[in-house]
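The values are calculated or read from the model by the stated rules, or taken from the named source; none is laboratory data. No experiment lies behind these values; they were computed from the predicted model shown. No Cβ is skipped: glycine too gets one built from the backbone with ideal geometry, and neighbour counts run over all protein chains shown. Quick note on the areas: whole protein, heavy atoms, side chains included, nothing else; ligands and nucleic acids left out. Shrake-Rupley method; radii C 1.70, N 1.55, O 1.52, S 1.80 Å.
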Amino acid sequence: MQGQLEVLCQERSNLLDTIRQLEAANTEPEAAAIHNGEYQLTKNEFSSLGRGKYSECSTTESSDDIEKQEMEEVSDEDEISYYDTRECFTEPDCKCESAGAMNQVDRCREPNTLYTDTENIHPEKMVCNYKHPQIARRKKLPDPVEKEKGVSLWSMIKDNLGKDLTRVCLPVYFNEPISSLQKCCEDLEYSYLLDQAYEYGKSGNGLLRALYVAAFAVSGYASSEGRNCKPFNPLLGETYEADYPDKGIRFFSEKVSHHPTLIACHCEGRGWKFWADTNIHSKFWGRSIQLDPVGVLTLEFSDGEIFQWSKVTTTIYNLILGKIYCDHHGNMDIRGNRTYSCRLKFKEQTILDRNPRQVHGFIEDVTGKKVATLFGKWDDSMYYMNGNVNVKPKDFTSSNASLLWKRTMPSPNLTRYNLTPFAITLNELTPGLKEKLPPTDSRLRPDQRDLENGEYERANLEKQRLEKRQRMSRKIQESGWKPRWFRREGENGTFRYVGGYWEAREHGRWDGCPNTFGEFNEDSTDPLGAS
């Protein structure tokens, strides 16, 4: 028995050593250097501010500060304590029942969190009295017509053994009933944060504006929890519009390039505009896949202040065995063209991490001074405190911490897609909408609509038909095809919305828009079938 005990102790020691080596090897990839030309801060150029480490796009000093803070958080007390996500981010004194109401967030803020540079401004009294037209949105997806089939990755590999994988159409069961164009719109679910940022900046509180912009940048990741299915890959020229008068936003997106795959979007809100074009570089690591977003997101307020940032890396784990889950990790620099910028760190989940999904960061002024500390979790909520503060998970509910954003509760009508209440409305055809849409809109895509309705066999047939057209997209693009509603700024610049879509929609004039989802002849010189 003593010999067996010694063997077990040795095996345990070897296991711990292996875990430490894995964690040491699993270092976070260096943040890609972003050329100053990519950040097109058109007013009060960022480089003219002389921000020290920010002016050269350095990722070293601030990252070291955040790493140092994380090291200081480790203690014997932390090792024996477990903080559940829902427990860490509950504020007993806070009566916010809906994260969608801007004035409720104000009531959550303590009066003593005002800043000295704006001491005459009382944000808790700021209420945006917008009159929202009431639009009835659906609360659940349609009940499936057919019974769902179980699908096995191994059976799919076996059935396609020896085939050209570029011509293999993945079963529709791997998709969720929205497209990548619509998924871009999910980033605007908490657009009220930008409304708040606009109001604070208009009143002279630039710091709170920067804080709310940072909260908005984090909030876009909350909808990814439990989302294990992939969105539909749009066809070349496919578009999507979203008009939410109750939220005060009008969103539009278009697939502007097939190779490389690029999706451009533009959104107008109350006192602000948001635009971006995105691409994803993927790396397959056997049991996981790493997705590295490429592109810059730009937010411009009507008073000329601009913030720009890029998304962090997303990794999807347990593709072969175990429960699939995703994690977001890396550094996010939110750069402003005036007084404040922000550095956020999405902490990568490790094997022994008992408090995952953490986000820590700072707001810095032009001198590099840390004037506010942000912390929270990308799937739950974000808080802030004045100054450079060393924050531990148990401090999240401290009375000195102020709530910036809290995730809305998941839909009570859950399906295997785990769509949020906002995402459930993205593919909805409200009464009278179908007649106003162009033939390129994602809502009219037949395989996506059939999947939503639970007509799986029909959805598979439609998906295979559209895949043939998708494979011709590169040839179409090389023959001189250009996007309808977006144009690239310069040779390698960002795609910007050129206008005209909403005017064409008002008059119902879709001349020149291709019949994206209709029948086509592979030998045709115009495979998109412009109508």
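If G499 satisfies all but one of (1) surrounded by fewer than 13 Cβ atoms within 10 Å (Cβ to Cβ); (2) in a loop (DSSP other than H, G, I, E, B); (3) over 29 Å from the mean Cα position of the chain (by Cα), what's the number of the condition it fails?
Every listed condition holds for G499 apart from (3).
Could we say that Y240 is hydroxyl-bearing (S, T, Y), in contact with a helix residue (DSSP H, G or I) (Cβ under 8 Å, 6 or more places away or on another chain) and surrounded by fewer than 24 Cβ atoms within 10 Å (Cβ to Cβ) here?
Judged against the criteria, Y240 is not a match.
So in the stretch 434-465, with the set limited to residues that are hydrophobic (A, V, I, L, M, F, W, C) and in contact with a strand residue (DSSP E or B) (Cβ under 9 Å, 6 or more places away or on another chain), which one is surrounded by the most Cβ atoms within 10 Å (Cβ to Cβ)?
The selected residue is L451.
Considering L466, L419, which residue is part of a helix (DSSP H, G or I), touching a residue at least 40 places away in the same chain (Cβ under 8 Å) and hydrophobic (A, V, I, L, M, F, W, C)?
Result: L466 is the single residue among L466, L419 that is part of a helix (DSSP H, G or I), touching a residue at least 40 places away in the same chain (Cβ under 8 Å) and hydrophobic (A, V, I, L, M, F, W, C).
If we scan the stretch 436-454, do we find a residue that is among the hydroxyl-bearing types (S, T, Y), part of a loop (DSSP other than H, G, I, E, B) and at pLDDT 90 or above?
Checking the stretch 436-454: at least one residue is among the hydroxyl-bearing types (S, T, Y), part of a loop (DSSP other than H, G, I, E, B) and at pLDDT 90 or above.
So L291 passes all but one of these: (1) in a loop (DSSP other than H, G, I, E, B); (2) open to solvent by 10 Å² or more (accessible area, probe 1.4 Å). Which condition number does it fail?
(1)
Taking the conditions exactly as written (buried (at least 22 other Cβ atoms within 10 Å of the Cβ), charged (D, E, K, R) and part of a strand (DSSP E or B)), does K283 satisfy them or not? Steps first, answer last, please.
Numbers: buried (at least 22 other Cβ atoms within 10 Å of the Cβ): no; charged (D, E, K, R): yes; part of a strand (DSSP E or B): yes.
No, not satisfied.
I need the full set of residues from the stretch 218-234 which are at pLDDT 95 or above and more than 27 Å from I135 (Cβ to Cβ), in order please.
V218
Sort out which residues of the stretch 294-312 are open to solvent by less than 20 Å² (accessible area, probe 1.4 Å), in a strand (DSSP E or B) and either polar (S, T, N, Q) or more than 13 Å from I334 (Cα to Cα) (or both), and write them in order of number.
Correct list: T298, F301, Q308.
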